[in-house]
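Read the structure below first, then the notes.
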Amino acid sequence: MPRDRVFGKGASVAMQAVSDNGGKRRGSSSYGAKDLTVLKGLEPVRKRPGMYIGSTGPSGLHHLIWEVVDNSVDEAMAGFCDRIDVTLLVDGGCRVVDNGRGIPTDIHPQEKKSGVEVALTILHGGGKFGDGGGYKVSGGLHGVGVSVVNALSAKLIVEVDREGKRHTMEFGNGGKVVSKLAVTGNAPRGRTGTTITFWPDATIFDETEFRSQTVLERLQMYAFLNKGLEIRFKDERPGHEQEVTYKYAGGIIDFVRHLNQSKEALFKKVVYFEQSEEDQEVEVALQWNTGFYEGIHSFANGIATGEGGMHEEGLKKALTNAVNKYARGKNLIKEKEDNLLGEDIREGVTAIVSVRLREPQFEGQTKAKLGNVSMRSLVEKATNEKLTDWLEEHPTEARQIVNKGVQAARARTAARQARDLIRRKSALEGAGMPGKLADCATKDPREAELFIVEGDSAAGPAIQARNPQNQAILPIRGKILNVERARADKMLKNTEIQAIIAAIGAGVGEEFDLAKIRYHKVTLLTDADVDGAHIRTLLLTFFFRQMHDLVSAGHVYVAQPPLYSTVVGKEKTYLKDDAAKNAFLADHGNHRNAFNRLKGLGEMDFDELRETTMDPTKRTLLQVNVEEAAIADQVLSILMGDDVELRKHFIVTNANDVRFLDI
Ligand code: 0RA
């Protein structure tokens, strides 16, 4: 069942811009032909691009690719396409080729234009294919987004192979027709399909350079969600050359294995089941790992539903029910013992739930929550039936699942006690600030900055170098606990972690309350070496997992102490790392002064420390800003994998910007 693009994520935002439907959810009844007529022409898109693609930053830029690829994926879902090629061209363009049926080339009866022109020049033009226009594709609405891409491109060429002929049409300057659709030759033997090549308009976007990693992640997700679909990526840009092919015979089973790849599986098998009813279907894959976090990823018609919704609710409810029922039946939970909670059972689970339905309703803040109630019952029923069977058929694994849940329940009780203890302790000791904290004078969190500093030896210089009015120093000894590998109870007993929680003053985990933070800047200050990077990663992991709002609200920063200093004329210059040093040498051919290798925070003098990490007028901080938890999760699975060397080299700044630390 193809996705309904009109009510899809991006498109529904676009609808909001033009039709005020009184806050009602946009459903098929509240939006009609009148809306389409208002939307004629592409000007509104160029006037307010953000309304259609979210922003004119990197996310909006990549949205162009998603819109084009979505149409090809729809064609694949409808069963007419099994290969998509995405190429980033040398001149900055992007080409998407599919082997579907090709956009219709005949004349649209009402519009008196070719189907190609309709799809590329009329907003939601695809919607018209839906009602009796002869282009209906099993309920799907094609071509909704490509006109938006056209509107925001400096140039766009579409080539359609159909009925043995190649048809070509060109647009320029934001979707204006440069040449009408015309037969320009024969289609390659037997080939049908669509090729769209576009060049983003540099007058619209902040920057027009695509990021291959962003594209790859998305394409891989499409390939996982559409089993058997082959998606090839090619980057032809000089210095970026690469080719990658994604094709997964196992679909979401492969997806789950991929997500768990850097973790230790509780057992090898992936639980998989599917069920369909008239008009809707569900597919679920799950596998437990030995870790302590749950990772449920849900999708509706191939669109990520990061806010969850009915399908996730159904899965969670039935998962809790099926495992408890099994455990009771097998006497693994005794009569007088409590049932396991859902969160106990979900500890360490990695799951994909992918549903397809005719009229998905996307709700929530970011329109990423599935609202269709019928999906809750379908997923719940499917999970209850199929998971119950699976548990019966796999007694060894079933016992492992129950055991893990029982341990999680015990840890949950212990964690509550630990948390109560921390709370009582801080009540007894007044504000309960850790002894090692050198606090600042101001009590206004908006002005206050907390430095979490690696090593007691660095604390001295840091305290000297800071501005005591608004900068506080909390030294942390060595490697803090990896919270990815420890349950909450153990984490809360760790003194370094207790100190961080107390200093920030806003609780931890589910109880974390952003309104109570004592510092609006929390700056991580670690040595410019591999160990420093590792400690920073551990701290970031802690914040991401246990004070997520602190990260997502943009309060976490990373200071960048330099690795080298040298003198140019009378000025001291700092160089972050070897790469920066080499770049500096390349720029300053006759630089003869020595480079001083700074051995770590503890060895730096106060001025050096102040200038490079503490003085707001001189330092550069990296803001850590994880917005898209899904991507961050993926990053963390890399970070926290067993590849210790690799993970030291990562830093998450924001969801679209996962940097390698060149150390
Ligand atoms: C409308 C109707 C049909 C196909 C398409 C649109 C279509 C659009 C795109 C955009 C990129 N690739 C695409 N592939 C197909 C069905 C036409 C028919 O009935 O043959």
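Exactly which trypsin sites (Lys or Arg not before Pro) in the stretch 557-609 are in a DSSP loop and have at most 16 other Cβ atoms within 10 Å?
K570, R592, K599
In percent, what relative contact order does the stretch 506-611 have, based on Cα pairs under 8 Å that are 6 or more apart in sequence?
Relative contact order here is 24 percent.
How much length would be gained if the chain were fully extended between A586 and K180, taking 0.36 nm per residue of separation minus their Cα-Cα distance, in nm to one decimal?
Separation in residues times 0.36 nm, less the Cα-Cα distance, equals 141.0 nm.
Just order 230-239, 615-624, 147-156 by mean Cβ neighbour count inside 10 Å, highest at the front, would you?
With the highest mean Cβ count within 10 Å placed first, the list reads 147-156, 230-239, 615-624.
Which order do the peptides 322-328, 335-341 take when ranked by the mean count of other beta-carbon atoms within 10 Å per residue, highest first? Intermediate values should be presented prior to the final figure.
Values: 322-328: 20.6, 335-341: 12.7.
Those peptides, ordered most packed to least, come out 322-328, 335-341.
Using a basic spin-label model with each label point 7 Å from the Cα along Cα→Cβ, how many nm lie between A579 and K479?
Here the answer is 2.5 nm between the modelled labels.
I want to check the label-to-label distance for R191 and N403. Put each point 7 Å from Cα in the C-beta direction and report it in nm to one decimal.
Label at R191, label at N403, 5.6 nm between them.
If you take the charge dipole of the stretch 505-593 about its Cα centre, with +1 on Lys and Arg Cβ and -1 on Asp and Glu Cβ, which of Y557, A580, N593 is farthest toward its positive end?
Of Y557, A580, N593, it is N593.
Pairs K381/K404; K227/K263; K263/K404; K404/K490: which exceed 20 Å Cα-Cα?
The pairs that break the limit, which is 20 Å between Cα atoms, are K381/K404; K227/K263.
Cross-link candidates for K576: which aspartates and glutamates have Cα within less than 14 Å, leaving aside residues fewer than 8 places away along the same chain?
D527, D529, E608, E611, D662
Provide the net charge surrounding A594, with neighbours chosen by a C-beta distance below 14 Å and charges set as Lys +1, Arg +1, Asp -1, Glu -1.
Counting the neighbours of A594, the net charge comes to +4.
Return, for the Cα atoms of the stretch 252-315, the radius of gyration and Dmax in Å, separated by a comma.
So, for the stretch 252-315, Rg and Dmax equal 12.6, 38 Å respectively.
Among the aspartates and glutamates, which fall within straight-line cross-link reach of K234, defined as a Cα-Cα distance under 16 Å, with same-chain neighbours fewer than 8 residues apart omitted?
K234 reaches D85, D91, D98, E209, E217, E243.
When Rg is the radius of gyration of the Cα atoms in the stretch 449-544 and Rh is its Kirkwood radius, what does Rg/Rh come to? Before the final figure, lay out each step's value.
On the way: Rg = 13.2 Å, Rh = 13.8 Å.
Taking Rg over the Kirkwood Rh, I get 0.95.
So if R0 is 60 Å, what FRET efficiency would E359 and K599 give, r being the distance between their Cβ atoms, rounded to the nearest 0.05?
0.40
Taking 8 Å as the Cα distance limit and 6 or more residues as the minimum spacing, I'd like the relative contact order of the stretch 224-333 as a percentage.
Averaging sequence separation for qualifying contacts and normalising by length gives 16 percent for the stretch 224-333.
Compute the Cα gyration tensor for the stretch 326-458, then decide on rounded, prolate or oblate, letting a ≥ b ≥ c be the square roots of its eigenvalues: rounded whenever a/c is under 1.5, prolate when a/b is larger than b/c in the other cases, and oblate in all that remain. Could the numbers behind the result be given before it?
Details: a/c = 2.99, a/b = 1.61, b/c = 1.86.
Oblate is the answer for the stretch 326-458, as a/c is 1.5 or above yet b/c matches or exceeds a/b.
Consider a paramagnetic label point 7 Å from the Cα of E163 along Cα→Cβ; state which residues of the stretch 84-101 have an amide N under 19 Å from it.
Correct set: 100-101.
So what is the relative contact order of the stretch 47-99, in percent, for Cα pairs below 8 Å that sit 6 or more residues apart?
Relative contact order for the stretch 47-99 comes out at 23 percent.
Using alpha-carbon positions, what is the distance between the centroids of the stretch 306-358 and the stretch 486-534, in Å?
Spelled out, the Cα-based centre of one part sits 30 Å from the other.
Run the simple label-point estimate for R211 and K443 please: 7 Å along Cα→C-beta, distance reported in nm.
Computed distance between label sites R211 and K443 equals 4.2 nm.
Have a look at F292, T413, V323 and report the one farthest towards the positive end of the charge dipole of the stretch 278-416, computed about the Cα centre with Cβ charges (Lys/Arg +1, Asp/Glu -1).
T413
Computed from the coordinates by the stated procedures, all read-outs in this text should not be read as laboratory data. All of these numbers come straight from a predicted model, not from anything done at the bench. Don't worry about glycine lacking a Cβ; one is built from the backbone with ideal geometry, like all the others, and counts go over all protein chains shown.
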